[in-house]
1. I need the helices of the chain that pass two filters: whole DSSP H segments spanning 20 Å or more by Cα along the axis, and mean Kyte-Doolittle score no lower than 1.6.
2. Accessible area per residue, 1.4 Å probe, Å², for region 1-126: what's the number?
3. If the cut-off is 20 Å between C-alpha atoms, which aspartates and glutamates fall inside it for K178, apart from same-chain ones fewer than 8 positions away?
4. Roughly how many debye, to the nearest 20, is the charge dipole of the chain about its Cα centre, given +1 on each Lys and Arg Cβ, -1 on each Asp and Glu Cβ, and no other charges?
5. Please provide three numbers in whole Å: the alpha-carbon extents of the chain along the principal axes, with the largest listed first.
6. Can you tell me the order of 13-20, 62-69 when each peptide is scored by its average per-residue count of other Cβ atoms within 10 angstrom, highest first?
7. Which is farthest toward the positive dipole end of region 1-51 among S20, P42, I4, measuring Cα position about the Cα centre, with Cβ charges +1 (Lys, Arg) and -1 (Asp, Glu)?
8. Out of all Cα-Cα pairs in region 113-180, roughly what percent, to the nearest whole number, are more than 20 Å apart?
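The values are calculated or read from the model by the stated rules, or taken from the named source; none is laboratory data. Note that the structure is a prediction, hence the values are computed from the model and not measured. Here the Cβ positions follow ideal geometry from the backbone for every residue, glycine too, while neighbour counts run over all protein chains shown. Heavy atoms of the whole protein, side chains included, go into the accessibility calculation; ligands, DNA and RNA do not. Shrake-Rupley method; radii C 1.70, N 1.55, O 1.52, S 1.80 Å.
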Amino acid sequence: MDPILGYVAAASLCILLLASGLEKIRYFSLFEAAVSAYRLVPDVLVRPVSGVFIVTELSAALLLLWPSARVLGAWVAVALLVVATAAMVINLLRGHTDVSCGCGSLKDQSAGLSWWLVLRNLLLLVVLSAVVVPVSQPERALGWVDGLTFFGATLALLGMYHALNLLIESHSKLQKLKEI
């Protein structure tokens, strides 16, 4: 696997985790309400669990920045995504879908949980595999074309993530309108 793929995956996930963690800090009460709405932890633990989740998310983002800690950051991100996805799946299986996922723009009204969000998180895990899987070929010298490829691919991946989130949100809202 070309090392640029790992760099693109690490940079993209770093930006997503950093933006998400900072959004959660900015709207902590809304994130705390989302964690509470999942009904997976006792009320007394909602605030500490919310705080630990944010610290873990920001730690994973920062670890992805340093080459020597990048794999550790990816594994922390994997653990975080597995926990968040499991919480979604538990609530979806309960039929409890009118819950903000707590992962997007917290200040906007969420359309709730859906299996599409689970699929999105699984796709993020696939992207993370590019960071975790060791490079099979020896490191090669990187040139200016690799720099362009890195920036272009990172922007493209972030754009696709944003577009996918918008599609999922629109689809969920449309489904709710059809139920009325």
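1. Numbers: long enough: 3-26 (34 Å, 1.38); 43-63 (30 Å, 1.49); 70-94 (36 Å, 1.88); 115-132 (25 Å, 2.16); 144-179 (53 Å, 0.38).
Flagged H segments are 70-94, 115-132.
2. Numbers: 6300 Å² over 126 residues.
Each residue of region 1-126 exposes 50 Å² on average to a 1.4 Å probe.
3. Candidates past the 8-residue exclusion: D98, E169.
4. Working: 12 positive and 11 negative charges, 59 e Å.
Dipole about the Cα centre, nearest 20: 280 debye.
5. In descending order, the Cα extents are 56, 37, 28 Å.
6. Numbers: 13-20: 20.2, 62-69: 15.0.
Going from most to least packed, we get 13-20, 62-69.
7. So the residue furthest toward the plus end is P42.
8. Values: 1132 of 2278 pairs.
When every Cα pair of region 113-180 is considered, 50 percent fall beyond 20 Å.
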